[in-house]
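Take a look at the structure below.
A short reminder: the numbers here are calculations on the coordinates, not readings from a lab. A quick note: this is a predicted structure, and the numbers were derived from the prediction, not measured. With ideal geometry, Cβ positions are generated from the backbone for all residues, glycine too; neighbour counts draw on all protein chains shown.
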Amino acid sequence: MSKIAVCPGSFDPVTLGHLDIIKRGASVFEKVYVCVLNNSSKQPLFSVEERLELLREVTQDLPNVEVDSFKGLLIDYAASKNAKVVLRGLRAVSDFEYEMQITAMNRKLNEDIETLFMMTNSQYSFLSSSIVKEAAKYKGNISDLVPAAVDRELKKKFTEL
Ligand code: PNS
């Protein structure tokens, strides 16, 4: 059995909710590729390079995690890395329909790749990159919801804009 997983997302920016899933994934799989992909329904705040840099900074203590990006389909990326598993975090019932849709499409595109879900730690069940950006934009304190590096970069971003 392949022990390689891909943890995909927009990561715009990475939150402590994402990091929780990445860490738990890294304790289950031998290798986890955290991959920044394009979600065509989202308009990102951070460039792919900025998102990669933040992800690398916050996962530097996880030796079996590699941060990467890809321009095409998630399942093509997973196949190129020999990964049989796509790992996603599931927060609440509201995530279910969206996740079911991508999972069904990914399975149709490549039935050899399975999507596995981990329930997000309950303290992060309301957390999303969008809600964090919204709070940061109006100077809300989000320091216990994102890694320190992300807090810093969000502050910078919203003073630049
Ligand atoms: O963090 P997100 O925005 O919920 O992640 C969604 C993402 C980026 C994983 C998804 O949009 C994706 O896989 N994009 C790449 C294109 C693709 O493979 N789409 C799914 C099948 S059409």
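Checking Lys23 against (1) without any contact (Cβ under 8 Å) to a residue 60 or more places away in the chain; (2) more than 18 Å from Met118 (Cα to Cα); (3) away from the ligand (no atom under 13 Å from the Cβ); (4) assigned to a helix (DSSP H, G or I), which single condition isn't satisfied?
If we test Lys23 against (1) without any contact (Cβ under 8 Å) to a residue 60 or more places away in the chain; (2) more than 18 Å from Met118 (Cα to Cα); (3) away from the ligand (no atom under 13 Å from the Cβ); (4) assigned to a helix (DSSP H, G or I), just (2) comes out false.
Which residue pairs have Cβ atoms under 6 Å apart, sit 6 or more places apart or on different chains, and have a first residue in region 68-86 that is more than 16 Å from Arg107 (Cα to Cα) and a second that is within 9 Å of the ligand (Cβ to nearest atom) and not in a strand (DSSP E or B)?
What qualifies is Phe70/Leu37; Phe70/Tyr77.
Report yes if some residue within region 18-39 is out of contact with any Phe, Trp or Tyr (no Cβ under 7 Å at 6 or more places or on another chain) and among the acidic types (Asp, Glu); otherwise report no.
Of region 18-39, the ones out of contact with any Phe, Trp or Tyr (no Cβ under 7 Å at 6 or more places or on another chain) are 19, 21-34, 38-39.
Filter once more, keeping what is among the acidic types (Asp, Glu): 30.
Within region 18-39, one or more residues are out of contact with any Phe, Trp or Tyr (no Cβ under 7 Å at 6 or more places or on another chain) and among the acidic types (Asp, Glu).
Of these, Ala79, Ala26, Ala5, which one is over 24 Å from Ile131 (Cβ atoms), small (Gly, Ala, Ser) and under 13 Å from the mean Cα position of the chain (by Cα)? Give the steps one after another, and end with the answer.
On the way: Ala79 fails: under 13 Å from the mean Cα position of the chain (by Cα); Ala26 fails: under 13 Å from the mean Cα position of the chain (by Cα).
Only one candidate qualifies: Ala5.
Any residue that is touching a residue at least 60 places away in the same chain (Cβ under 8 Å) and out of contact with any Phe, Trp or Tyr (no Cβ under 6 Å at 6 or more places or on another chain) - is there at least one of those in region 97-107?
Taking every residue of region 97-107 in turn, none turns out to be touching a residue at least 60 places away in the same chain (Cβ under 8 Å) and out of contact with any Phe, Trp or Tyr (no Cβ under 6 Å at 6 or more places or on another chain).
So for region 81-104 (the condition being closer than 26 Å to Asp144 by Cβ, within 13 Å of the ligand (Cβ to nearest atom), among the polar types (S, T, N, Q) and exposed (fewer than 15 other Cβ atoms within 10 Å of the Cβ)), does at least one residue qualify?
Among the residues of region 81-104, at least one is closer than 26 Å to Asp144 by Cβ, within 13 Å of the ligand (Cβ to nearest atom), among the polar types (S, T, N, Q) and exposed (fewer than 15 other Cβ atoms within 10 Å of the Cβ), which makes the answer yes.
Tell me which of these Val48 doesn't satisfy, since it passes every other one: (1) more than 13 Å from the ligand (Cβ to nearest atom); (2) surrounded by 15 or more Cβ atoms within 10 Å (Cβ to Cβ); (3) within 25 Å of Lys157 (Cβ to Cβ).
(1)
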